[in-house]
1. Can you tell me which of (1) open to solvent by 10 Å² or more (accessible area, probe 1.4 Å); (2) closer than 30 Å to Phe387 by Cα is the one Ser718 doesn't meet?
2. Does the range 149-157 contain any residue that is more than 27 Å from the chain's Cα centre (by Cα), aliphatic (A, V, I, L, M) and under 18 Å from Glu32 (Cα atoms)?
3. Of all residues in the range 250-275, which are crowded, with 21+ Cβ neighbours inside 10 Å and charged (D, E, K, R)?
4. Would you confirm whether or not the range 793-802 contains a residue that is without any contact (Cβ under 8 Å) to a residue 12 or more places away in the chain and either open to solvent by 10 Å² or more (accessible area, probe 1.4 Å) or part of a helix (DSSP H, G or I) (or both)?
5. Report whether or not Ser727 is open to solvent by less than 40 Å² (accessible area, probe 1.4 Å), of a type in the set (Ser, Thr, Tyr) and closer than 20 Å to Leu627 by Cα.
6. Are any residues in the range 533-555 assigned to a loop (DSSP other than H, G, I, E, B) and farther than 15 Å from Ala471 by Cα, and if so, which ones?
7. Inspect all residues belonging to the range 748-758 and state whether any of them is surrounded by fewer than 20 Cβ atoms within 10 Å (Cβ to Cβ), assigned to a helix (DSSP H, G or I) and out of contact with any strand residue (DSSP E or B) (no Cβ under 8 Å at 6 or more places or on another chain).
8. For the range 434-504, give me every one of the strands (runs of 3 or more DSSP E) that falls completely inside it and has 3 or more residues that are more than 20 Å from Ile520 (Cα to Cα).
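The values are calculated or read from the model by the stated rules, or taken from the named source; none is laboratory data. Predicted model, so just to flag it, every value in this text is computed and none were measured. For neighbour counting, all protein chains shown are included, and Cβ atoms are generated from backbone atoms with ideal geometry for every residue, glycine included. What goes into the accessible areas is simple: the full protein's heavy atoms, side chains included, and nothing from ligands, DNA or RNA. Shrake-Rupley method; radii C 1.70, N 1.55, O 1.52, S 1.80 Å.
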Amino acid sequence: MDDGNLPTTYVLERTLLRIAVFLLSCSMLCYEIVLTRLLSVVVSYHYVFAVVSVALLGLGFGGLIVHFLAGCAWYRSAGLSLPSLWMSLFSVSLIIATVAVISIARIPSLGHYILLYCLPSFGAFLFAGGFLADIFRRYPRQISALYGFDLLGAGAGCLAAVPLLSLVSLISAALLPSLAAATAALLLAFIAAPAVHRPLKKTHIAAAISFMVSLFFFGATLGGFLPISIPAGGNPDKEIHQSLAGSLKGSIVESRSSAFGQTDLVAYENYPDRMDMYIDGTAGTPMYRFGGDFSRPDSAVANLRQDFSGYLPLAALQPGEKDEALIIGPGGGRDILLARMAEVGRITAVEVNRAFVEIVKAFSSYNGGIYTSQPDITIAVEEGRNFLKRTARRFDIIYLSLPVTNTSRSREGYAITENFLLTTDAIGDYVDHLTDEGRLIVVTHGEIEATRLLGVTLAALSSRGLTAKEAMKQVALIGDDDYPVFILKKAPFKQQESSVLFQESLTGGHDPLSSFFPSIGAAIPMNGALVALAAGTAEFSDLVEKVEGLGYDISVVSDNNPFFFKFDRGLPGPVRSVFWTSVILLAMILFLPLALPRLFRRSERPSNKDASGRIFPLAIIFFLLGLAFMFLEMPFMQTFVLFLGHPVTAMAALLFSILTGTGIGSFISSRISDAKAGRLFIIAGSAAAAAIMISLLGLAPFFQRFLGHSFAFRLSLSILWLVALGSILGLLFPLAIRFAYLQGRSEIIPWLWSINGVSSVAGSSAAIMISIRYGFTETMLLGALLYLAAAAASLLLVRRSVQQ
């Protein structure tokens, strides 16, 4: 059983072992996605990345523990009873981690101690990493099949998470992976070698207990018998906290959970004319009491004309300038109310969060049926940029109001939905879809956001041949203490148009010194910095330097680095913390052979005198593979999501595709003989680099060619592309494990697994930092170079083997 080969007579054992690996990876990836959703509700989105990354460090540390345990005599005689124990512990620890996150969230004084959220999940993933490292060490000759089932399980977990989060509560979704892992523990316990009697009995008991505990918790929460719930508004940093704890006496009257997020509707005892909807407790969007008659709006709706700056640029439009409007992100419907009160004609509203649309429709008797019964108003549930790129229609108005949800939309917990809405490429798309006199209107969160949007716009128009001085003739800015309004006209503003805007802003009480209106004369006091830009006496770079002195980053962003809402200078603190933590841990792991050489001298092939000298080349290969994959995954996923729209469904399907592809590649590697394994690794590493380069060159025309087709067709093409790419990448890891076995170093496989796991975490944070600083293209290019470096390292190993 422990000689590196599964006996062919144990066909059932081999099959059940592979099923167990599949279930472990499925439950692990599913829980990772659910954990990201759970954390997005209780902590701010930029901390989600840190918590999930620290948890994933547990995978690497699990391999390290197995490496140390492998020297014990009882380990070698334990057979499959020890992997079963790992699985049982993983199952129970998922329950503990879930309950711990909820318990910490219930104590506001502990909410800022992010490390408390990290530790329980770290323990859970440590047991998962220990299981996989243990299995890979025991059966290196079966690595292609085992790793293939590992990847297929991971892909299935990604795919299952989306419907799971929509079908059951967030708590039940977090507990179901525990039940799947406990089922795998039972399988392993009952196929463990019968010769190991006492450990086997203990393993049976542990597996049975974990299964019963998991079944109880999942069943009790699913049936509503166990009152475990996410504390609403417990985090003072979340906007919903003030709504629930403030003087308006808010309470949640409707709540819907999905893979997109937790959507809550808050009604106010002391202000019945408005409700607020929140996604993961933040970025509230109002829904107003409305009788349905725009000629006689209710008082709260009518007051919007004076109280909300977003009405002013609509009211300034003349007949013939507002026949058709596109509203991106209407939320609770305020933007539609404003547009209709300003007598805008046909309205198309595109909302990415389906739950918002469903709730507004469900409360149609309260809001006047603005999503259900108002004429000439069409609601589409899609991502705004994707919708725009696929339509040939042109609009007099494209309107975005406060377009940010501040909640995580990616598996690693950093990317947010709105990243692609305000880039140079987005401005180009908006301009292309405006009528000749059409206007883009963006209600921003403050002066810094409006200033960055100005820089993005100037860069976009510069690419079309306009100087900053010329571009400023098409730009207006209405200053406001709360919500400045940015306006871009496709054609230069006429003096009369600017004068109307100026007069409307004065009537509305807006400060002209924080505003800008082109072509109305130097005698009007306006924002001095923008006046200088319009006069050609200053450059936007001067404004960037000035704002940087205040501690803000307003540099231009494009689709290649679409982090518009990152305003803090430098790299994000949580990302830097994860990177340096993982780098330090990785250095410690890499230098273990120097610190504890005795643990690295056991060779299963003593005749190979040079085996000990090949530890570090092997380590470098596993290190490079961990980095390279993460440098590819995050940029690829973000780029494809823009092409597909429907961000959550697309992200899950794409992760499923690339993981399934790597699983197929792993199975293919089993067809390669030992004699050809080294050469195939070199070819596969080079092919991976070439495939990435082809993708970099070919994706843009590929997207442009097929963007107009249906979502199903675009998704099918994307899946085929990623499965093909993944099948190349999937060859590398199992062949690297085969390297270690053929070099007589099976005993260090857990250590190599640890290096790969920790380097993956370092790679995810490094990929984000490089993407922010330079761009997705540069990150993927570096990933291609890392795959080439791994091929070069393997070439050195092959040559040294030939020389022996």
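1. Exception for Ser718: condition (1).
2. The answer is no; no qualifying residue exists.
3. Of everything in the range 250-275, just one residue is crowded, with 21+ Cβ neighbours inside 10 Å and charged (D, E, K, R), namely Asp264.
4. In the first step, residues of the range 793-802 are kept if they are without any contact (Cβ under 8 Å) to a residue 12 or more places away in the chain; the result is 799, 802.
Checking which are either open to solvent by 10 Å² or more (accessible area, probe 1.4 Å) or part of a helix (DSSP H, G or I) (or both) leaves us with 799, 802.
Taking every residue of the range 793-802 in turn, at least one turns out to be without any contact (Cβ under 8 Å) to a residue 12 or more places away in the chain and either open to solvent by 10 Å² or more (accessible area, probe 1.4 Å) or part of a helix (DSSP H, G or I) (or both).
5. In short, yes.
6. Residues of the range 533-555 assigned to a loop (DSSP other than H, G, I, E, B): 536-539, 549-551, 553-555.
Gly549, Leu550, Gly551, Asp553, Ile554, Ser555 - these are the residues of the range 533-555 that are assigned to a loop (DSSP other than H, G, I, E, B) and farther than 15 Å from Ala471 by Cα.
7. No, that holds for no residue.
8. In the range 434-504, 434-443 are the strands (runs of 3 or more DSSP E) which contain 3 or more residues that are more than 20 Å from Ile520 (Cα to Cα).
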